[in-house]
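The values are calculated or read from the model by the stated rules, or taken from the named source; none is laboratory data. Because the structure is a prediction, the values reported are computed rather than measured. Cβ sites come from the backbone with ideal geometry, for glycine too, and all protein chains shown count toward neighbours.
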Amino acid sequence: MTRASERATGAVRELILRGEFAAGARLGEVELAERLGVSRTPVREALARLASEGLVEIVPNRGARVSSWTVAELEEVFDLRAALEPRLTALAVPNAGPADVDALDDLAHRMLDAELDDLVPLNRAFHGRLVELAAHPALAGALAGAVHAPIVLRNFHAYDDASLRRSLAHHVEIVAAVRAGDPVWAQAVMTAHIHNARAVMVRTAREQEDS
């Protein structure tokens, strides 16, 4: 993959994950090329790469669109996340040094004051830091295939006030558990965090299916 293709892949991925393209939205090569200031070839290669990641669907004779998921598919994704991510969080606890805890704490508190559109990259950084600290490539690899689906829908505009406050409070409590060196506590809070997200995403998917 050329540098132009790599840049295009990163740019389109970020646009999708930030919620600028909704689930099911068409991704036109010409429009994306103009927006990114590149030719259509890097965009075409980027869309193929993102399709392999599960973020994009390429439909023969119809082009590319942002992937969308049924309620049943989201339930399966969250079943997998609930099995993997709390365990990774517990594994991260003994590996987290003071600088790691401070970095997690900074992310958690920045999210408390962030605008909705700024929450996605901060949230990804927070969860990614925990996965990195877990130092378990096999579990991390299995989780990677499960996180994109809900994140595409999860631009945080779908959250009601109570669910959003609960989600942000979970981040703060996870940091407290990591700082205390308590993997059981950290795992329990991450489990609750995932179930909170699951409720929001499944509700959103049901509303989309019914509309």
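Quick rundown of the values:
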{"item": "Some residue of the range 90-107 being more than 30 Å from R26 (Cβ to Cβ) and under 17 Å from the mean Cα position of the chain (by Cα)", "result": "yes"}
{"item": "Residue, surrounded by the fewest Cβ atoms within 10 Å (Cβ to Cβ), within the range 70-88, restricted to residues that are of a type outside the set (A, V, I, L, M) and over 26 Å from E207 (Cβ atoms)", "result": "R87"}
{"item": "Index of the failed condition, D102 passing every other in (1) modelled with pLDDT of 95 or more; (2) in contact with a helix residue (DSSP H, G or I) (Cβ under 6 Å, 6 or more places away or on another chain)", "result": "(2)"}
{"item": "Positions within the range 45-69 being of a type outside the set (A, V, I, L, M, F, W, C) and surrounded by fewer than 17 Cβ atoms within 10 Å (Cβ to Cβ), in sequence order", "result": "S52, E53, P60, N61, R62, G63"}
{"item": "Selected residue (only one of A205, A177, A199 is of a type outside the set (V, I, T) and loosely packed, with under 15 Cβ neighbours inside 10 Å)", "result": "A199"}
{"item": "Matching option when the condition is crowded, with 17+ Cβ neighbours inside 10 Å and under 25 Å from A197 (Cβ atoms), among L91, L32", "result": "L91"}
